[in-house]
Every structure is written in C-alpha cells, then in structure tokens.
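Visitor: Let me begin by handing over the structure; questions about it come next.
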Amino acid sequence: MSLSPAQKKFLRSLGHSLKPIMTVGSAGVTPAVTAELDGSLAHHELVKIKVRSGERSSRREIIDSLCEATGSELVQQIGHMALLYRPDPESPSIRLPPR
C-alpha cells in the first residue's frame, strides 16, 4: 500500500484532532502492543500513537516495526507522535481522494 501526497494530506487533516490512543514505552514493541494497535487499526483505520523513546532513530525503528507488524502505513511523524493508517479491506470508513 502506498499513499499519494494528496491522500497523506487528507489523512493528516483528519488526524489533526485525534488524541493518541496508546503510548509505546521503554519496553518497545511487544506482542501486547502490536495486538492492541492491530485491534485499534481494525476499528478506527486512522490512529495516533505516542512513542516514548529518547532518540530519534530508535523512535523511527519502533514506528517502522509497528507498521510492518500491523500492515499499516505511516502517514506522519512529528516528534514523539505518529499517525498510522490501515484501511478496512471489507468496508473502509475513510474514503480517500483519488491518487
């Protein structure tokens, strides 16, 4: 799945008002964190998470591994916040603009 710049802009506008649904702490990516994020993406499609890690590179590694484990795509990362998107394969509730 690859999002066009226009689609990312649309998703960023939707995600602006969202609150983080979960915080990934110092334990990093655990099966419980992955399962919780997977369930949230199945229900909401667009979620905001907070990654509590000291270094920028480790935050990016955590976000990349979460995206890979859940099949989601990173829409935006600003500081400790990340916006992830995964459409519902059967009936997506978010209608993206055309590519």
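Visitor: Restricting to segment 10-20, give me the number of residues that are open to solvent by 80 Å² or more (accessible area, probe 1.4 Å), part of a loop (DSSP other than H, G, I, E, B) and under 16 Å from ILE94 (Cα atoms).
Guide: Of the residues in that region, 2 qualify.
Visitor: Would you point out which residue out of GLN7, GLN76 is modelled with pLDDT of 95 or more and open to solvent by 40 Å² or more (accessible area, probe 1.4 Å)?
Guide: GLN76
Visitor: Spot the failing condition for LEU83; the list is (1) touching a Gly at 6+ places or on another chain (Cβ under 6 Å); (2) open to solvent by 30 Å² or more (accessible area, probe 1.4 Å); (3) under 16 Å from ARG12 (Cα atoms); (4) not acidic (Asp, Glu), and only one is missed.
Guide: Only one criterion is unmet by LEU83, namely (2).
Visitor: Among all residue pairs at least 6 apart or on different chains, which show Cβ distances below 9 Å where the first residue, located in segment 51-62, is closer than 20 Å to GLU73 by Cβ and the second is open to solvent by 70 Å² or more (accessible area, probe 1.4 Å) and not in a helix (DSSP H, G or I)?
Guide: Matching pairs, first to second residue: VAL51/THR23; ARG59/ARG52.
Visitor: With THR30, THR23 as the choices, which residue is free of Cβ contacts under 8 Å to residues at least 40 places away in the same chain, touching a strand residue (DSSP E or B) at 6+ places or on another chain (Cβ under 7 Å) and open to solvent by 40 Å² or more (accessible area, probe 1.4 Å)?
Guide: Selected residue: THR23, the only one of THR30, THR23 that is free of Cβ contacts under 8 Å to residues at least 40 places away in the same chain, touching a strand residue (DSSP E or B) at 6+ places or on another chain (Cβ under 7 Å) and open to solvent by 40 Å² or more (accessible area, probe 1.4 Å).
Visitor: Would you mind finding the one in ARG95, ARG99, ARG59, ARG86 that is touching a strand residue (DSSP E or B) at 6+ places or on another chain (Cβ under 9 Å) and at pLDDT below 95?
Guide: That would be ARG59, the only listed residue that is touching a strand residue (DSSP E or B) at 6+ places or on another chain (Cβ under 9 Å) and at pLDDT below 95.
Visitor: Looking only at segment 44-66, how many residues end up being within 20 Å of SER26 (Cβ to Cβ) and assigned to a helix (DSSP H, G or I)?
Guide: Counting residues in segment 44-66 that are within 20 Å of SER26 (Cβ to Cβ) and assigned to a helix (DSSP H, G or I) gives 11.
Visitor: What is the number of the single condition among (1) open to solvent by 40 Å² or more (accessible area, probe 1.4 Å); (2) touching a residue at least 40 places away in the same chain (Cβ under 8 Å); (3) part of a helix (DSSP H, G or I) that SER93 does not meet?
Guide: So the condition that SER93 fails would be (3).
Visitor: Next question, about the same structure. Which condition does ILE78 not pass, out of (1) without any contact (Cβ under 8 Å) to a residue 12 or more places away in the chain; (2) touching a strand residue (DSSP E or B) at 6+ places or on another chain (Cβ under 9 Å), if it passes all the others?
Guide: (2)
The values are calculated or read from the model by the stated rules, or taken from the named source; none is laboratory data. Predicted model, so just to flag it, every value in this text is computed and none were measured. All Cβ positions, even for glycine, are placed from backbone atoms using ideal geometry, and neighbour counts span all protein chains on display. The accessibility values were calculated without ligands, DNA or RNA, using every heavy atom of the protein model including side chains. Shrake-Rupley method; radii C 1.70, N 1.55, O 1.52, S 1.80 Å.
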